[in-house]
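The values are calculated or read from the model by the stated rules, or taken from the named source; none is laboratory data. Since this is a predicted model, take the numbers as computed values, not measurements. Backbone-built Cβ (ideal geometry, glycine too); neighbour counts: all protein chains shown. The area values use the complete protein model at the heavy-atom level, side chains included, leaving out ligands, DNA and RNA. Shrake-Rupley method; radii C 1.70, N 1.55, O 1.52, S 1.80 Å.
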Amino acid sequence: MRQNPNTASRRIADLSDDDKPREKALAKGIRVLSDAELLALLIGGGVPGKSAIDLAREILDACDNSLSHLSQMSIQAISRRFVGIGPAKATTIAAALEIGARSCSAEEEVSVIRQASDAYRCLLPKMKNLPHEEFWTIFLRRNNSVIICEQISSGGSSATYVEPRMIVKKALDNMASAIILGHNHPSGNLRPSSQDDALTRKIKEAAALLDITVHDHIIVTPSGFYSYAEEGRL
C-alpha cells in the first residue's frame, strides 16, 4: 500500500547534505546552524509526519523562538507539552541549555567587586532565565575580592524566604568581611518591594553585630539592575 505523503514520516535523511544539520556542521562549522537545527541535533529523530527539525521548530514556536524561554521550562514540562519529546530527549535538551548557561557564567566570572555593575555581572548568569525568585549572596574579603557567590534560597514566582541568620553564619564560615545581597525579579520589575526593603534592613543589622558590612543589595533582571547602594538606600 502506498503511503499518503501527508502522513509519511519526514526524515532528515531525505534532505540534501546541505540541509542536514550534522553534515552541515561538519562541513561548515557548528556556528552556521540555526537554533532549530541545533535543537534537531539534540532531538535526534522525528516521529511519523514530523522530522527532528519539524519538532525543533514546533518547540521554538511555542517558546516565541527564544532559547532563553525554553531554558525556563522544566524537563517534565518539555516532555509533557511536545509529542515525540520523551523524558530522555527533554533531559538532553535541558542539559545542553544548562551547559550554555554555565559557559556564560564562567565567562562572566568576576573576581573583584568595585561597583554595582560588577556585582550585577557576577549575579546575572545565575538568575537571568529563572521563572522563580532566588536569593544569592556574594561573600567578600576586605579588598572586595570575591570569596564565593552562593545561593541562599529559592522560592516562587514573586518571593523567596530568606533567613538573615543563615547569611551571617555563612559569612562567618567563609571568613568574609563584607557581603553583597542579590535576588531576581522574574517579572522584570526593577522596583524593590517593601519586603525587599525590610529584608535588607534586617540583614544589615544582623551583619553589623559581627562587624560584617553589607555593601549592596542588587535586584537582578535580564535587562538591568537596581542597586540599593547607588540609590543611597544603605
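Site pair Asn65 and Leu130 shows an inter-label distance of 3.0 nm when each label is modelled 7 Å from Cα along Cα→Cβ.
Tell me the Kirkwood radius of the chain: reciprocal of the mean inverse pair distance over distinct alpha-carbon atoms, in Å. Each step should come with its number before you reach the end.
Numbers: mean 1/r = 0.0494 Å⁻¹.
Hydrodynamic radius (Kirkwood, Cα only) of the chain equals 20.2 Å.
In plain terms, the bigger the Kirkwood radius, the slower the diffusion; for segment 29-117, with that radius from Cα pairs, at 10 °C and 1.306 mPa s, Stokes-Einstein puts D at 112 µm²/s.
Using a cutoff of 8 angstrom between alpha carbon atoms and counting only pairs six or more residues apart, the relative contact order for the chain works out to 13 percent.
Each label point was placed 7 Å from the Cα along the Cα-to-Cβ direction; for Arg102 and Ser74 their separation is 2.1 nm.
Available extension along the chain between Gln151 and Ser117 is 10.3 nm, counting 0.36 nm per residue and deducting the alpha carbon span. Using the 1.4 Å probe convention, the accessible area of the chain works out to 57 Å² per residue with neighbouring protein chains retained. Relative to the longest principal axis of the Cα atoms of the chain, the long axis of helix 52-62 lies at roughly 40 degrees.
Take the Cα of Ala159, step 7 Å toward its Cβ, do the same at Leu172, and the gap between the two points is 2.8 nm. Can you tell me which of Ile148, Ile218, Ile30 moves the most in a GNM of the chain? Springs connect C-alpha atoms under 10 Å apart. Answer for the Gaussian network model of the chain: Ile30. Derived scalar couplings between HN and Hα for segment 142-154 equal 4, 8, 6, 6, 7, 7, 6, 10, 10, 6, 9, 7, 9 Hz in order, rounded to whole Hz, by the Karplus curve 6.51 cos²θ - 1.76 cosθ + 1.60 (θ = phi - 60°), x for Gly and Pro. Taking the convex hull of the alpha carbon positions in segment 60-165 and averaging its projected area over all directions gives 8.3 nm².
The C-alpha atoms of the chain define a longest principal axis, and helix 116-127 lies at about 40 degrees to it.
Over 30 Å apart at the Cα level, from the set Lys128/Lys204; Lys50/Lys128; Lys24/Lys126; Lys126/Lys204; Lys50/Lys126; Lys89/Lys170, are Lys50/Lys128; Lys24/Lys126; Lys50/Lys126; Lys89/Lys170. Charging the Cβ of each Asp and Glu at -1 and of each Lys and Arg at +1, and nothing else, the dipole of the chain about its Cα centre rounds to 380 debye.
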